[in-house]
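The values are calculated or read from the model by the stated rules, or taken from the named source; none is laboratory data. Keep in mind that this is a model prediction, so the values were computed, not measured. In this analysis, Cβ positions are derived from the backbone assuming ideal geometry, glycine residues included, and neighbour counts consider all displayed protein chains. Heads up: the accessible areas ignore ligands, DNA and RNA and are worked out on the full protein's heavy atoms, side chains in. Shrake-Rupley method; radii C 1.70, N 1.55, O 1.52, S 1.80 Å.
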Amino acid sequence: MATLLILKGTDQGRRMPLEDERTIMGRNRDCQVVIDFPAVSREHAQILKIGGKFYIEDRDSRNGTFVNNQQIAQRTLLKNNDRIKICDFLCTFHDGTVVKPLPIDLRPEEPEPTEEGESSSTVEARLTASGGSHHLLLESQPAEKIKALLDISTNLSKTLELDALLPKIAESLFQLFRQADRCFLILREESGKLVPKMIKTRRNLGDASARFSRSIVQQCLETGQAFLSEDATTDSRFGLSQSIADFRIRSVMCAPLLSAEGKAFGVIQLDTQDRTKKFMEDDLKLLVGVANQAAVALENVQMHNDLITRDRFQRDLELAREVQRGFLPGSLPQIPGYQFFAHYESAQQIGGDYYDFTPLSNHRLGILLGDVAGKGVPAALLMAKLSAEARFCMLTEPELAVAISRLNDLLMRAGMMDRFVTLAGALLDPGRHTVALVNAGHPPPQIYRAATSKLEDGISTEATGLPLGVLEDFTYSAHQVELRPGDSILMFTDGITDSMNAQNQPFQMAGIHAAVKDPRGGLTAPELGERVIKAVKQHAIGRSQHDDIAVVCFGRVK
């Protein structure tokens with residue numbers, strides 16, 4: 001009877017018979033093969049029995065179905081020992097035939113003839129550590145070794161701490177291979193550097209001074225195959241490697257640690273230093289089994305550590321978000337005869353847009369709205385500095401243009417590198433009903449005139465200054481505006497105008513003008529702000545927010 005052998009998943013080690021004409025694999029509990037991973041679709045794939053043969057096909061899943069590390073696009077015939085991978089689930093297909101001899105890729109290689117035409121005296125064997133034939137390694141082992149391998153699997157699956165896992169692997173290896181003098185577990189970093197994560201000698205003698213041979217390890221990693229050598233000092237595969245002689249390596253076995261995708265990310269090497277102690281082919285088969293279990297355990301540890309790191313990062317981001325919120329005003333100003341509105345929303349968990357209200361002398365109010373170039377943590381850090389420096393400048397300089405000029409100089413001296421800030425500033429004098437406006441490379445503040453119910457630019461393009469952080473000692477100028485009853489000032493960042501819809505069309509100023517049209521006329525400042533935010537969100541339905549957005553609006557009551 002055909003079966004699936006689960007190598008990685010909830011029911012790891014279980015054989016599942018394929019009795020029905022159709023076997024559904026997926027996250028749904030009604031599936032014959034339930035794969036309880038969030039990334040798996042409800043009905044991810046199916047195995048069909050047609051004319052005595054078995055085929056697998058993907059059911060339009062999100063993340064695809066793989067056979068022997070190749071994603072399938074159509075119905076695919078399954079052959080004996082094919083590996084089926086669905087996200088983090090891994091199994092092998094077996095057609096039910098009894099295979100007595102080992103497959104060709106598991107048989108030892110024939111000794112290569114010497115130049116004289118005679119066979120080398122060195123016993124060499126090589127095993128393919130990938131593919132779907134690992135269960136045959138167990139079938140060829142004595143019962144006591146199979147039990148030891150299962151015990152190793154159980155012990156390793158209980159450990160998610162690397163420091164606790166590695167001694168368990170070493171202890172298991174010395175228990176299984178009595179002839180081994182030294183044990184190494186070596187991982188390859190992304191840079192290609194080989195890092196020994198575990199070095200162990202029998203009876204704990206000379207652990208610190210024990211060295212592994214890079215020639216042996218590199219060959220195992222490059223080929224992805226396990227191999228043994230009866231006497232490495234005379235093995236033609238290693239040439240005249242000085243390390244083998246220096247480290248007194250005699251018989252040696254090396255097995256790759258393979259990821260679920262079949263890539264070698266490390267090796268386990270066992271060697272002897274005694275000419276009378278030798279490894280045999282059965283030992284190599286058993287080491288491959290141990291290496292497979294160790295690779296799964298190490299990947300589980302890595303996934304566990306990655307999850308902890310992500311959780312810690314998320315907590316740090318949440319804390320940063322709360323800190324950043326602390327830089328923004330906690331409430332709107334309360335000035336008789338005026339109304340205020342403010343909205344802030346970052347594209348990521350923390351962002352670079354900024355606004356502030358600063359009470360000044362003579363009942364005046366400073367209003368700033370800025371946009372730091374970039375997003376995420378770097379922009380948020382610069383926003384924090386901008387907030388502190390801007391408040392200082394506003395409180396110490398009575399003229400808005402002078403305060404913005406001084407803020408630019410402070411940011412330049414701070415070494416902003418390639419960062420810059422666009423900023424719109426307003427100085428409201430409620431006693432005179434006037435507003436001084438300064439624009440530093442920002443979208444121009446808009447004046448909403450109650451008499452016409454339309455928007456107009458508060459500052460012309462010619463009067464707009466450079467963004468902050470571009471040029472030192474730059475002088476900014478202010479433009480005076482009178483607010484009549486019902487008039488408002490609308491300020492916003494380019495996250496509003498650049499917002500894209502599902503058809504890749506930006507919101508632009510046309511979207512703002514359309515949002516504030518009202519046949520009744522006479523919109524208040526809060527109504528203006530709310531209409532703009534509502535319109536831009538409706539425009540962007542179907543698209544994720546790609547930039548921070550901030551809106552500040554204030555106006556004179558009728």
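Within the range 352-371, if we keep just the residues that are more than 12 Å from A436 (Cβ to Cβ), part of a strand (DSSP E or B) and of a type outside the set (S, T, Y), the residue that is most open to solvent (accessible area, probe 1.4 Å) turns out to be P359.
Inside the range 208-247, can you point out the residues that are assigned to a loop (DSSP other than H, G, I, E, B), at pLDDT 65 or above and of a type outside the set (F, W, Y)?
Step one: of the range 208-247, the residues assigned to a loop (DSSP other than H, G, I, E, B) are 208-213, 224, 230-231, 235, 239-241, 247.
Within this subset, residues satisfying the condition of being at pLDDT 65 or above are 210-213, 224, 230-231.
Answer for the range 208-247, where residues must be assigned to a loop (DSSP other than H, G, I, E, B), at pLDDT 65 or above and of a type outside the set (F, W, Y): A210, R211, S213, G224, E230, D231.
Selection of the range 1-56 for residues being within 26 Å of Q293 (Cβ to Cβ), over 29 Å from the mean Cα position of the chain (by Cα) and in a loop (DSSP other than H, G, I, E, B) yields A2, G13, R14, L18. Residues of the range 282-312 that are open to solvent by 10 Å² or more (accessible area, probe 1.4 Å), closer than 20 Å to C220 by Cβ and among the aliphatic types (A, V, I, L, M): V296, L298.
Results for (1) surrounded by fewer than 24 Cβ atoms within 10 Å (Cβ to Cβ); (2) of a type in the set (A, V, I, L, M, F, W, C); (3) at pLDDT 95 or above, shown as yes or no for each residue.
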site: G415; (1), (2), (3): yes, no, no
site: V421; (1), (2), (3): no, yes, no
site: G425; (1), (2), (3): no, no, yes
site: P430; (1), (2), (3): yes, no, yes
site: A436; (1), (2), (3): yes, yes, yes
site: P443; (1), (2), (3): yes, no, no
site: T452; (1), (2), (3): yes, no, no
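So, in the range 426-447, exactly how many residues are more than 45 Å from the chain's Cα centre (by Cα) and not hydrophobic (A, V, I, L, M, F, W, C)?
Let us first name the residues in the range 426-447 that are more than 45 Å from the chain's Cα centre (by Cα), namely 428-436.
Add one more test, that the residue is not hydrophobic (A, V, I, L, M, F, W, C), and what stays is 429-434.
Selection size over the range 426-447: 6.
Can you find a residue in the range 480-487 that is at positive phi, open to solvent by less than 10 Å² (accessible area, probe 1.4 Å) and in contact (Cβ under 8 Å) with a residue 40 or more places away in the chain? Among the residues of the range 480-487, at least one is at positive phi, open to solvent by less than 10 Å² (accessible area, probe 1.4 Å) and in contact (Cβ under 8 Å) with a residue 40 or more places away in the chain, which makes the answer yes.
Can you say whether Y448 is over 18 Å from D371 (Cα atoms), in contact (Cβ under 8 Å) with a residue 60 or more places away in the chain and buried (at least 22 other Cβ atoms within 10 Å of the Cβ), as far as the supplied structure shows? In short, yes.
List the helices (runs of 4 or more DSSP H) that sit entirely inside the range 490-542 and contain at least 3 residues that are closer than 19 Å to A426 by Cβ and either open to solvent by less than 10 Å² (accessible area, probe 1.4 Å) or of a type in the set (G, A, S) (or both).
Details: elements: 494-497, 508-515, 525-539.
Ranges flagged: 525-539.
When G469, G529, G458 are checked against the criterion of being farther than 24 Å from N408 by Cβ, in contact (Cβ under 8 Å) with a residue 12 or more places away in the chain and small (G, A, S), G529 stands alone in meeting it. Among residues of the range 494-516 that are closer than 17 Å to P445 by Cα, none has a beta-carbon under 6 Å from a residue that is hydrophobic (A, V, I, L, M, F, W, C) and open to solvent by 70 Å² or more (accessible area, probe 1.4 Å) at least six positions away or on a different chain. Any residue at all in the range 58-69 that is surrounded by 13 or more Cβ atoms within 10 Å (Cβ to Cβ), assigned to a strand (DSSP E or B) and more than 29 Å from the chain's Cα centre (by Cα)? No; the residues of the range 58-69 include none that is surrounded by 13 or more Cβ atoms within 10 Å (Cβ to Cβ), assigned to a strand (DSSP E or B) and more than 29 Å from the chain's Cα centre (by Cα).
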